[in-house]
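*Asks:* Provided herewith is a single structure, encoded as structure tokens, for subsequent inquiry.
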Amino acid sequence: MAIVEETAGGVVSRTAEEAEMAPARKSGFRRRLSRFLHNRLAVAGTLVLLFLLLVAMLVPWIAPYPDDVADSLNFDAVLAPPSLQHLMGTDEVGRDVLTRVMFGARWSLAMAAIVLGIAVTLGVPLGLCAGYYGGVLEQILMRLTDGFSAVPALVLALAITVLLGPSLLNAMVAIGFVWWRGFARIAHGQTLSKKQETYVVVARSLGASDLHVMFREILPNISSPLFVSLALNAGYAVLTGTALSFLGAGARPPTPEWGQMVASSRNYLPQGWWASLFPGLAIFVTVVSFNLLGDGLRDYFSEE
Amino acid sequence: MAEPVVRLTSLRVDFHTADGVEQVIRDVTLRIDPGEIVGLVGESGCGKSVTAKLLLGILPMPPARLKNGTVEMFGRDLAMLGAVERDTLKKHVAYVPQDPSAVLNPSFTIASQMIDMIVWYESDRRLLEYFRRRHSKRHVARAHDFAAELLGKVQIADPDDVLRRYPVQLSGGMRQRVLLAMALSGRPKLMIADEPTTALDVTVQKRTIDLLKDLAQREHLAGLYITHDLGVAREICARTYVMYAGTTVENGPTAELLDRPLHPYTRGLVEAIPSLAGGLPHAIAGQVPDYLSPPPGCRFAPRCGEARDLCRAVPESVIREGRREVSCWLYERETVA
Amino acid sequence: MSAAAILQARSVTKAFKVPRKGKGLGARTATLRAVNDVSLDIAEGEVFAIVGESGSGKTTLANLLARVTVPTDGQVLLAGREISRTDKLDLRALRRDIQIVFQDPGSSLNPRQSVEEIVALPLKLSGMKSRKERTARVRELLKAVHLPVDFLARLPASLSGGQKQRVNIARALALQPQILVLDEPTSALDVSVQARVLELLMNLKRERALTYILVTHNFGVVRAIADRVAVMYFGKIVEIGTVGEVMSAPRHPYTQTLLSAIPAVREADRDLLPSTEPLDGEMPSFVDPPLYCSFYSRCPRRQLSCLSLPHPPLVNHGGRQMSCHLG
């Protein structure tokens, strides 16, 4: 048997080390994937969300009654119970509930995207800077987040819609501006712990700019808790948005937004139960799915 | 001859992981006699910590599975004992870990933690009894005195002062000594030390080693001293086992083992340590085998300069010169002249 | 000193303000000097070792020499040029001359970056814009440290300790510096891997005409590769000399105690070490440093006269420097 000369391996890629390292193990990605897949609930949640996303993207083509999105009166089929033609029945003005629920998916996902988009874009960089620079900046930012904590998002949103007129967009932007604190706090705490890591010191000693250190060195290493928070907050965002619409401060009729649909059809409970129930169920399923995904991510990351 | 305190025979332990079965321990045979400190040396990943955990009974047995071999402690085969009996045996074993902060709770004084341990041992590890005694002034006072006595045994000059302190107020060497004192509180017969001096400065290490030697002698302790530092093994251990990739490949009186190594791995290990006379040390070519698919015969063969075809079969363990044992095809059983 | 001094420390001090628990009306903060008035000359092409135990200040000194931090007093000069001032020094340009390999190979690598990204960082920062060019350079560097080229895409988690250290070395060599500061380059590695890394370091030094500043607590490593050694205690240097001299005939009592505490592996090595009483006592408090010799509290050769004198300066005894009143 030949001696395996390790130093001879400079040119040839297959050195002794490489040979010994040859994965009898699954590749890193597949291993991580299989670990995530072990959590049945999280997988279920993810699948539901993916399905929802698909529906939201394809709805103009797959909705059975695309015209029912907006105003459309159909006195013949007012409040028709679920049937083969209208799987979820029709609402109080004869519109197909299924179609409207499908369109509602767009609204809900868009809501989540806007709120979180603003919250993350504001919160993460601010938290990063606060943690990285420390000193006065950190104090200011932390006081700001404390201040914003005192404001319940829903109340703020209501107040804004009173001022600016009811519009889901306004409300969502307002909520985004309140929710940035959660992400800022996570980013801040994580940055504090990571900034003493040797690889950060290395980057700085090499003359890397602060921007590089924060976003290319630290940020990738703090993304896990941020993702978890993102998933969990998405569910909450949908809930808040639909609640606003339900209260009349968000989407106005005839917008096929779930909360709005529940509100306008609730007068017809319990006989015309389908018109309120199905949108409500859609909200429920969506929020729970986001939560399951968030929990799953948290369990997954905590094992690392 | 009194029976050995520990005897491991032809141990084989597999780990069932998500990637497959890792054959972590292939063949470990080890003996510790009463009153002797035995060294277990090897590099990272060789399985020495797994062996220690097995002895301590803290190896998680679902992923790990004992495939072969026996573990005997104080003359009893552990596999034959029930859980209660095994627990009773464990009382006589003390564990000294590498990192004191893993054992010392930063929120409590040394006195509080030592008294906890002493009373726990006194109550025979029964919970109700422990609570009763822990709250009895008389017992606590007695335990306090015993704690001071133990601290004196580890050569701490002012035990009462140390007892009053919190772990964070003590230096690393001091903490390690407190740990040793705590290990003694159950009046153990066997001490298992896992790299206890690795994190210490060399001058502190020297004092700790001298202390350990002294303690073992005075308290008639047997010990298993796990380390990767051959020099420390030479200082402390009467006999040493060399472990590679889950197998004890060689053992013998430590000084002899290091001055005249028999197994090619031992030789490589010694030559890899820089000599104080100068010159670059020699590396051992190659890498530790993958436990998922280890080489069929001698696990060191792929890296061994003297490997032959014969090495595809697992070598037997052979006794040389009466006191030394080696598992290598280079050596044949000595025939009695 | 035949070769010119390439790196010099002149009375370098690194002090920190620490809160002091008030006993009465003393000052609220005390000054902790991790490195206290250290002067060194490092010759081009040598391997200069700095040895000490924890708390000696050796890592802080390494960081000062490599300008990872700046001294609170004193200067560090590179080829006569001062590099220690806080006002805008071009750090990126400096890194072409002097680099540091930090302690703990594991945490020196960003776990989310591939080997290629890690090693290419200094190249990117120095203005090498083309990704292709950078990758080509990284390949060369991996080859130089004997790592297979298909390690480019690997993440640190899939590397062994020795391999991680090589990535660190490759990164340090990316800008082709003349001086490399190595902080405990082998301490976290297994013995057999240590030997390989030391071999690699010496080969690289020869090939690239490097100068090494080696910080370690391991005298074996010092003996194997270093030319001169400085022994540090409590923020000061207590002895400097060639490795051969210092190890075979140590003058300072601390050096003697340090050497005598080494657990030698071989019989032959034991004979080479002095034997002294093991050290007693603890290091003095950094917050309340003594006004006399800082080693007094543990010195086996102390005399009462040592108490009345300030900390002894480093005195030159024909090429060897030593700081002890008793000479």
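The values are calculated or read from the model by the stated rules, or taken from the named source; none is laboratory data. Here the structure is a predicted model, which means the values were calculated and not measured. No Cβ is skipped: glycine too gets one built from the backbone with ideal geometry, and neighbour counts run over all protein chains shown.
*Asks:* Please state which one of B:ARG177, B:ARG187 is in a helix (DSSP H, G or I), among the charged types (D, E, K, R) and more than 9 Å from chain C (Cβ to nearest Cβ).
*Replies:* Selected residue: B:ARG177, the only one of B:ARG177, B:ARG187 that is in a helix (DSSP H, G or I), among the charged types (D, E, K, R) and more than 9 Å from chain C (Cβ to nearest Cβ).
*Asks:* May I pose another question? Would it be correct to say that C:GLY74 is small (Gly, Ala, Ser), at pLDDT 90 or above and crowded, with 20+ Cβ neighbours inside 10 Å?
*Replies:* Judged against the criteria, C:GLY74 is not a match.
*Asks:* Could I ask something else about it? Among the residues of segment A:249-268, count how many are outside any helix (DSSP H, G or I) and under 12 Å from A:ASP91 (Cβ atoms).
*Replies:* 3
*Asks:* Can you name the residue in segment A:201-253 that is touching a Lys or Arg at 6+ places or on another chain (Cβ under 7 Å) and within 8 Å of another protein chain (Cβ to nearest Cβ) and is also surrounded by the most Cβ atoms within 10 Å (Cβ to Cβ) among such residues?
*Replies:* Ranking the candidates gives A:LEU206 first.
*Asks:* Okay, moving on. Checking the structure you have, find out if any residue of segment A:207-223 is under 23 Å from C:GLN113 (Cβ atoms), under 16 Å from the mean Cα position of the chain (by Cα) and in a helix (DSSP H, G or I).
*Replies:* Scanning segment A:207-223 turns up at least one residue that is under 23 Å from C:GLN113 (Cβ atoms), under 16 Å from the mean Cα position of the chain (by Cα) and in a helix (DSSP H, G or I).
*Asks:* Identify, by number, the condition in (1) over 27 Å from the mean Cα position of the chain (by Cα); (2) in the same structural domain as B:GLU22 (by TED's automatic domain parsing); (3) crowded, with 18+ Cβ neighbours inside 10 Å that B:CYS311 doesn't meet.
*Replies:* (2)
*Asks:* Mind checking whether some residue in segment A:145-167 is touching a residue at least 40 places away in the same chain (Cβ under 8 Å) and outside any helix (DSSP H, G or I)?
*Replies:* Checking segment A:145-167: at least one residue is touching a residue at least 40 places away in the same chain (Cβ under 8 Å) and outside any helix (DSSP H, G or I).
*Asks:* Somewhere in segment B:70-85, is a residue out of contact with any Leu (no Cβ under 6 Å at 6 or more places or on another chain), aliphatic (A, V, I, L, M) and closer than 23 Å to B:THR266 by Cα?
*Replies:* no
*Asks:* I've got another one for you. If I ask for residues that are of a type in the set (Val, Ile, Thr) and modelled with pLDDT under 90, which ones from segment A:128-159 would you list?
*Replies:* Those that are of a type in the set (Val, Ile, Thr) and modelled with pLDDT under 90: A:THR145, A:VAL151, A:VAL155.
*Asks:* I've got another one for you. Looking only at segment B:201-230, filter to residues that are more than 26 Å from C:VAL193 (Cβ to Cβ) and not in a helix (DSSP H, G or I); which one of those is farthest from the other protein chains (Cβ to nearest Cβ)?
*Replies:* My answer is B:HIS220.
*Asks:* Ok, one more. For the condition in contact (Cβ under 8 Å) with a residue 40 or more places away in the chain, within 13 Å of another protein chain (Cβ to nearest Cβ) and under 27 Å from B:ASN68 (Cα atoms), what is the one hit in B:THR198, B:THR247, B:THR240, B:THR254?
*Replies:* It is B:THR240.
*Asks:* For residues in segment C:146-185 being more than 9 Å from every other protein chain (Cβ to nearest Cβ) and without any contact (Cβ under 8 Å) to a residue 40 or more places away in the chain, which is nearest to C:ASP97 (Cα to Cα)?
*Replies:* Here the residue is C:ARG166.
*Asks:* Output the number of residues of segment C:98-107 satisfying the condition of being at the interface with chain A (Cβ under 8 Å from one of its Cβ atoms) and surrounded by fewer than 24 Cβ atoms within 10 Å (Cβ to Cβ).
*Replies:* Final tally of qualifying residues: 3.
*Asks:* Would you point out which residue out of C:MET247, C:MET232 is touching a Gly at 6+ places or on another chain (Cβ under 8 Å), buried (at least 22 other Cβ atoms within 10 Å of the Cβ) and touching a residue at least 24 places away in the same chain (Cβ under 8 Å)?
*Replies:* Being touching a Gly at 6+ places or on another chain (Cβ under 8 Å), buried (at least 22 other Cβ atoms within 10 Å of the Cβ) and touching a residue at least 24 places away in the same chain (Cβ under 8 Å) holds for just one of C:MET247, C:MET232, which is C:MET232.
*Asks:* Determine, yes or no, whether B:PRO315 is touching a strand residue (DSSP E or B) at 6+ places or on another chain (Cβ under 9 Å), more than 14 Å from chain C (Cβ to nearest Cβ), farther than 30 Å from C:ALA261 by Cβ and modelled with pLDDT of 85 or more.
*Replies:* no
*Asks:* Could you check segment A:83-125 and list, in sequence order, the residues that are assigned to a loop (DSSP other than H, G, I, E, B) and surrounded by fewer than 24 Cβ atoms within 10 Å (Cβ to Cβ)?
*Replies:* Listed by number, the residues that qualify are A:SER83, A:LEU84, A:GLN85, A:HIS86, A:LEU87, A:MET88, A:GLY89, A:GLU92, A:VAL93, A:GLY94.
*Asks:* Next question, about the same structure. From the set of residues in segment C:186-216 that are in a strand (DSSP E or B) and within 13 Å of chain B (Cβ to nearest Cβ), which is nearest to the chain's Cα centre (by Cα)?
*Replies:* Result: C:LEU214.
*Asks:* Filter segment B:257-269 down to the residues that are surrounded by 24 or more Cβ atoms within 10 Å (Cβ to Cβ) and either without any contact (Cβ under 8 Å) to a residue 12 or more places away in the chain or of a type in the set (Val, Ile, Thr) (or both) and list them by number.
*Replies:* B:THR266
*Asks:* Another question about this same structure. Out of B:SER275, B:SER327, B:SER317, B:SER293, which single residue is buried (at least 18 other Cβ atoms within 10 Å of the Cβ), under 28 Å from the mean Cα position of the chain (by Cα) and over 30 Å from C:LEU198 (Cβ atoms)?
*Replies:* The conditions single out B:SER317.
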